[in-house]
Amino acid sequence: MKNKIMYIVMCIDGFAQLKNLSAQEAYLSLRRFGGIDYLDELYDIEHTLPFDDTMDTLIVILPKKWRRNSMILYHGSNLEIDSVDLK
């Protein structure tokens, strides 16, 4: 149980850094949209995976407005994309 709590706290902190949020904002967002429940329920699997994969999964869980990706083009402009189609 202690390891699970430490892992979830680590994920909250990692998510906060990734999204430039305070730890409290990250926790509230993840709690609201099911990220904390996801980490709790799937801890046995998630803690064995690369941390970046877990962060990617948390972003997918969040609503579309939180999933925006910014792409910096070679000339320095920013372009917001909703998804990438690699077909």
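Where residues in region 1-49 are aromatic (Phe, Trp, Tyr) and in contact (Cβ under 8 Å) with a residue 40 or more places away in the chain, which of them is farthest from Ile59 (Cα to Cα)?
Applying the filter and picking the extreme gives Tyr7.
Look at region 25-68 and say how many of its residues are at pLDDT below 85, assigned to a helix (DSSP H, G or I) and loosely packed, with under 15 Cβ neighbours inside 10 Å.
4
Any chance you could count how many residues in region 2-24 are β-branched (Val, Ile, Thr) and either modelled with pLDDT under 90 or exposed (fewer than 15 other Cβ atoms within 10 Å of the Cβ) (or both)?
2
The values are calculated or read from the model by the stated rules, or taken from the named source; none is laboratory data. This one's a predicted model, so the numbers in the text were calculated from it and none came from an experiment. No Cβ is skipped: glycine too gets one built from the backbone with ideal geometry, and neighbour counts run over all protein chains shown.
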